[in-house]
Structure formats: structure tokens, C-alpha cells
1. Past 28 Å, Cα to Cα: identify those pairs from A:LYS86/B:LYS127; C:LYS9/C:LYS70; A:LYS36/C:LYS267; C:LYS6/C:LYS69; A:LYS64/A:LYS147; D:LYS16/D:LYS48, in the order given.
2. Just round it to a whole percent: the fraction of Cα-Cα distances in the range C:138-251 exceeding 18 Å.
3. Near D:MET85, within a Cβ-to-Cβ distance under 10 Å, what is the net charge of the other residues, with Lys and Arg +1 and Asp and Glu -1?
4. Go through B:TYR34, D:PRO118, C:ILE103 and say which Cα lies farthest out towards the positive end of the charge dipole of the protein assembly as shown; charges sit on Cβ, +1 for Lys and Arg, -1 for Asp and Glu.
5. Taking a threshold of 26 Å on the Cα-Cα distance, which of the pairs B:LYS93/C:LYS285; B:LYS80/D:LYS10; C:LYS107/C:LYS285; A:LYS120/A:LYS176; A:LYS176/B:LYS80; C:LYS120/D:LYS75 fall above it?
6. What's the local net charge at A:PRO130, with K and R +1, D and E -1, over the other residues with C-beta under 15 Å away?
7. Return a whole-number percent for the relative contact order of chain D, with Cα pairs under 8 Å and 6 or more residues apart as the contact set.
8. Please compute, for peptide C:84-94, the average count of beta-carbon atoms on other protein chains lying within 10 Å of each residue's beta-carbon.
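Each reported figure results from applying straightforward, stated rules to the coordinates on display, with no laboratory input. Bear in mind that the values here come from a model prediction, so they are computed numbers and not experimental data. Cβ placement follows ideal geometry from the backbone for every residue including glycine, while neighbour counts extend to all protein chains displayed.
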Amino acid sequence: MSTSQKPGIHRGVSTYCWYPLYNVNMTLEDSFEIMKDMGAHGLEILADGIIEGYPYPSKEWLNKWFSLCDRYEIVPVEYGHWVESKLYRGRELNVEESLEQLIHDIKLASYMGFTCMRTKLGVIDDKLTPTKIWRDFIRRALPYAEKYNVVMQPEIHWPTRLTDQMILDYVEFIEKEQTQYFGFNIDFGVFTTDATGMGMPPGMELNPSKPEDIIPLLPYVHCCHAKYYNMDENFEETTIPYREVVQIMKDHNWNGYLLSEYEGPHKEDYNHCMTQVKRHHVMLKRILGE
Amino acid sequence: MLEYEGVQYKGFRNIYNEEGEATGFQVGIRMIGYRGAWLSEFRFGYIEVDGEKFLADRCTFVVSGVEYTYEETFNLGRVKWPLNEAMIVRVQKPGGLAQGSHTVSALYGQVASYVPFGSGELDINQKPGGHGHSESFGYTREMIIV
Amino acid sequence: MSEERKVPKRGISTYCFYPQLGVNMDLEDIFMHMQDMGATGLEILADGIIPGYPYPSEEWLNKWFGLIKKYDIVPVEYGHWVESRLYPGQREASLEESLEQLIRDIKLAHYLGFTCMRTKLGVISETLDPVSNWREIIHEALPYAEAFNVVMQPEIHAPTKLTDRMVNDYVEFIEKENTKYFGFNIDFGVFQNKPVPEMARFFREDRVSKPEDIIPLLPYVHCCHAKYYNMSADFEETTIPYREVIQIMIEHGWDGYLLSEYEGPHKEDINHCIEQVRRHHVFMKKILGQ
Amino acid sequence: MMEIEALQYKGFRNLKDENGDICGFQVGIRFVAYRGPWLSQFRFAYVKVDDVEYGPDVCTFFVNGVEYTYAEMLKPENWRVKVQMQAPIYIHVKKEGGLAMGCHRVSVKFSEIASYIPERMDDINSEMFEMMHGNDPAYNRDMIIV
């Protein structure tokens, strides 16, 4: 568990929930206001889209960032970023180039107050297997992660399943390196039976992970994407067994933030997104007994 | 502010040389996504107006005030097309576009290392589009040259 | 050098986008549309456009002058109000209260680069007759208008007719004061002779002015609201006899600004508003021979 | 940014006093107009939640960060304070225990004095407001308290 977070399971939101609306009819401060409305203080940003001037934000923007976080009592939790293996045509990024991107993001994430990073690695196949050299540059980045106190976390996202080989490779790496600064963000979409929110097309039925599959991985999980595809009028998520998963996390004394991440339809509709995220947090409050 | 659609109405006009002759037109495009693109990951298919396709060889691309040819973007792995900015595509077309309404489309995108399929090269026979996200639209718009 | 043909110039009022401003549009967006259309004459409604009105910050003023230069904007008309019912129970503001508002706006309009003002006076009747002390108010303000070189202009707006007594009173006042710093903005809505689809109930057949009614008033008119309610797909304004009015203006050598002002339906639909203003300027370019 | 409606979703939440007890709720409003009134020209009738009306006696108003009672706003000297268009007015409504978690039907009735419009229109309780905004989605919204 990364050091600065208080024990227990807490609610938060990812800026991903409104991504098509930013700079159209929404700003970062608007999402902070909505978070305050809901008493959801944990924040995930996608650094590249949210930080003006990324990767070199101005001093002025950073000052505004700190004052907004203070004013709206925001807890920076997860800094989403990418290691761009396909940056150049015709070849994959080498270890040095990957490291340069990664170290820059570790420093910026730490400076902005984040304790976790959602480290998206380049992939080489349909099962989202990461680029072959991932161990080389992650290992060399670990001292920086430790120095700047941020945990690098690839995201475990459907169609990947919690029991896939890739997960075992990650766990093996963590145990071998004896590190607390590499883990993973489990996206609750791995448990979904319907990743469209409107019913999977015939022949495309999903084979989701079971709630108990999360148990062996919990020690390595520092925050989760509380994915939701469809919140109904009774404040229930209709595609994911939320109560079972959260109960298991409580029973195993997991500490960290559940960061709401909407991937259902109509993301261009402000009022729809607003209603969906609020319904999600009414459900989370009820499940967490707040 | 950006308009929601991929193709922007703001900025759609003819462009003129010093002698005041129309040498082409410009149109803004935005990335309906959650991250900007490194220029080396920007992929361009075409700008299409009333059925006529203009490919990269007849276009230049203005980002944060700086104009690039498509080839110039290939090696720029540290220059960012910011998410909150419309890229202005300047298209060479002697005489520019006639006054009145035009059907304007665009095909463009960015490479995403974290998704499995290919190098992101765009097939110019593809229909207009940007990122393939379900909630992105507005890659074809009826727009007026005044 | 051949005598430059004097022809009215094109511009737009920020009124065309008022429900969008601060929601999904800002002032710079409007400037870009203006540049796109070659319509660089600008009307602002001061209270709504100027943050901190009536005391804009230095920072906003710098930004204003920067944007004017960047988009080659010509500040033409500064819309403002001389409120007469300022607080509960007040039926007509005092001369001092009126002058405090008016003189402050004259100075700010001048400082921002405007040459005309759309001076909206309080009314005391159903037929929009101005407050009874309007002559003292304007008389006292004239020296300031002259010193700061801005023309105060009430707007002649439907259902007022060009031949109404109120307009005649204004002309009488101008002649008596022998001043160039008081005149009026004629809103083309006074010529509307066909109802607006979807808004037919507002049309008053009995209050239509004829195009030639403008002739005796032209010497006192410094800019006009080029009102449009409905632009058809073939770029025609379907409710106002534009060609006749503009033909008369050209014949009398009037070359002030025609500021587009949309008052048709669906003002909350940004794409509708953009398309209507672009159609309006294709139409105006045609009849102005540009 | 503000939402295009007069009644804002952002800001809709319960309010806590110093010792953390819920003492009421907050609602944001904006003038869907080209100008705001001087403070003394602001007119307010009620915030209605699930058919319960909350009048000016249980409301205070945050304008440009400053809190006013309704009576304070209408004081003659407040004609020199302008309601700015760039931010909503936040209404704090006193109500012990605030609003229950869940969805509420919220309506608001407010307007401004405009001297350039006949005086007959000044009365907020005239049927004009009902006619124009009775079921206008900009003034009546279903909003959730989390």
C-alpha cells in the first residue's frame, strides 16, 4: 500500500469519465466541483490530455493545479500515462528511449502529488501482451519510483483475465525484484458480462474473471478502475458483480481508491454522463456503508 | 473552446497569398480522445471536399502556430499536438473553394501503442473518421465558405 | 484614383451567440468566425462580455487588445444600458444615477476602441417611450461623448416604427443640440414584413416600416443591427426586404457597419447559429456586390 | 464552464456546518442572457425540490464569492454591484438534514428587472414566468444528491 493514503476503501473519479467534453464545455475545475458534490476526493488524471503543455507544464498551470486541488480537497491518486513503444514508424522504442519517457512521468507524477501511476505499456498481440523489453526498462525505473514514491501499475483490462499468463509474469517479476513500486490497477471491466452497456452482440459473449480471482493479486493492487457501463434507475450497475468484488476486498483488508471510469454509451451527452457518475457513487456509498 | 465534432467549423476559410489570390483553403480538426498525439504518431489520410480528396502531398499541418509537412512530422517524437488545440490543415487548391456550402470530411488519427493493430497507416479508401471511439463523430460536416 | 464606391461594411454582434458564451464558446471563438467571414466589425454587449464589468482587470484588457489585433477586429458598437429602475420601488432613476452609469460606459467604450454605443434607455410605457428625463441625461453626457469621441445611439427596434413620434423627438433633439454625438441604431427588424416560421405569434403586421422611411434618418445613423430571423438554404433572409433597404443606403452613400444580430429560433443550438450567421454573410456579400 | 441550463447541476449538494452536521443544500443558477442585473435588480421567488418551495427567507446567495441575504441584495446602494455572467450564483438553502441521497425534481424561479422592458414585467409572480419557463428543461431538472 503506498504510504500516504489513509486505510480503508475510498471513492474517487477518473477524468476519463468526461474525456470528449473537456475543452468543449468542461474544464478540469468543473470535474473537481462534481467530485466535491459527491464527496469523492480520489482523482485519476490522464496526464497527456489534462496537463496543459504536457510533458512540460508551465509554472502558472502547476500553481493553478495545486490551488484547485487544495480548494476542492482533491487527493491525487493515479497519474495515467503511456510508454509509447510505437513512437516511430518501422521500429519499437528501445530501453533507453522508454526509460526517458517513464522517468520524466515518474518525476512529474510525484511533483503533482500522485502516489500511483497507471503505466500503459505498448502491446505486441491481441491478448495485450506487453512489449518484450518491459522487464528491462521497468527494472531500471524502479529506483526512480522508489525515490519519488510512486507505484507503477499496468492496467489489467478486459479482454485480459485475472488468471492469464501475463498476470503471472507480472507477479513473478514483482516477487523476484522484491519491490513495492510495481503492481497493477485492476479494472472492474474484467468482471463484466457486457462491455457495451447495451448488451453484447450475439457470438461475442464475454468470459469474465470471477470475483474471487482477485484475491491472490490484492497485495499488488494500489488502486482500481471502478469501471461502470450502465447504471440503472435503482443505482445498480447492471453488468458487474460489484457487491461480491468489494466484499472480498473488504474481507482482505484492502486499502485504496476505487476510481469511477465510465465506458458506456452517449459519452458526448453531458447530462447522461452526469447522471451515470452520480448513480455510480450512490451505489458505491451504499456498498461501502458510508 | 473546441467544437465537439472532429472537423471544426471555426477556421474554415480560403487562404490567400500576398497578391490576394486564393491559393487554397484551411480546415481545423481536433482529436476526440483523451490524449494529444506526438507528431510522429499523427496519421493523416485525407481532407475531402465535395468528393475531391486532398492527400498529404497537397497539405501542410499547423500545430501551435508552427507549420509542418506530413514528412516533417515522422521524426518529431517530442513535439505534441495538444489535445485542447485544433490542428489547422492548410490545403493547396488554386482559386480556393467557391462561396457557398461544401461537404467537408476528414480521415486522420494517431498511433496507440497500447492497442494491438498495426502501425496506424490509414487507407485513403477508408471512410472519414478519427479515432474509432464510439462517441466520436462529426468527421463529415456541411460548412459554408463566405 | 477612381472614387471608392461607398458601401456598408459587414460585422456581427456577440448577441448572435449569447446562450453559448461561457458554456461552449468564448469571445476568441467569435473573433475567429468573424475572420473566417471577413466580417470584422464588432458589437459587444458590455455587461455580459466584460468579466468584472464595469471594472475590467488589467489582465483582461491586455487580452482584449491582443485579440483585437490578432483577428483584425474593428470595435464598432458597445452595447450598454442606462438603468432607470435600479432598486425596488424606483420608477425613474435620478439624473445623477443615470449619468454615473452613462459617463462610466462612455469612457470604457472609448478605451476599448469603440466609436458607437448602443445606449438602451429605461422605458415608461408599453410602447417603449424613454424615461421622461432622457433629454437632460443625454444633454449632460454630450460633452463627454465628444471628449471621448463616441456616438450614443438608442436602438430603434420593432414594434417601434421609423415614423413614430419617439423617433421624431430624437431627431428634433439632435437638431436642437446640433450634435454629432447622439443618433440611433436602426434595427432591420423594423422592416420585417413576413412572420418568422415557428415564431409567427410575435409578428405585428400593423408595425412594419417601409424601406424608404429610413431616408430622412440616415444622417443620424452610425451603425445598424442587421437583424435576421431565418436564413434559407439558398442564402436568403425570408422575412425582411434587405435588398430595398441596402439599395437605398448605397444610393445615399451610407457606409457604416451592418452588424448581424440573430433573433430566430433554436438559439441554444450552436451549429444552427453558426450556419445561420454564415448564410447571412453570404447573402450580405451578394447584395453588397462583394 | 457553465451548463447551458439556467439551473446548474454542478454544485448541487448538501452543506455542512462547522461541526459537520448537514444544515442545508446548495443550488447553482445562471442567467441564460446577454447580461446580468445589478444586484438590486435581482428577483427571486423560490427553489422548489420535490414540490416543496424554499423561499428567500431560508436562502442566502453567493454572488462573485460574497454571501448576501435577499434583503441585502435589494438594498439601494447595491445597484453598483453587478451579477457577473462568467460564473453561476450559488444559493444556500437552510434545511436541517439537507436532502436525502437519491434523485430529486428541482425547479427554480428567479429573474431580473430590465428597465428597457415595460414595468408590467417586473412582477416575478406574474404569469409570464410560468408561461415561459413552466416546464422549460433549463429551469426544471432531475438531479441526484450523492
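1. In this structure, A:LYS36/C:LYS267 lie more than 28 Å apart at Cα.
2. 53 percent
3. On the way: positive: D:ARG30, D:ARG35, D:LYS82; negative: C:ASP47.
Here the charged neighbours net out to +2.
4. My answer, from the dipole projection, is B:TYR34.
5. Over 26 Å Cα-Cα: B:LYS80/D:LYS10; C:LYS107/C:LYS285; A:LYS176/B:LYS80.
6. Result for the neighbourhood of A:PRO130: -2.
7. Numbers: 287 pairs, mean separation 47.0, N = 146.
Normalised by residue count, the contact order of chain D is 32 percent.
8. For this peptide, the per-residue mean of nearby foreign Cβ atoms is 5.
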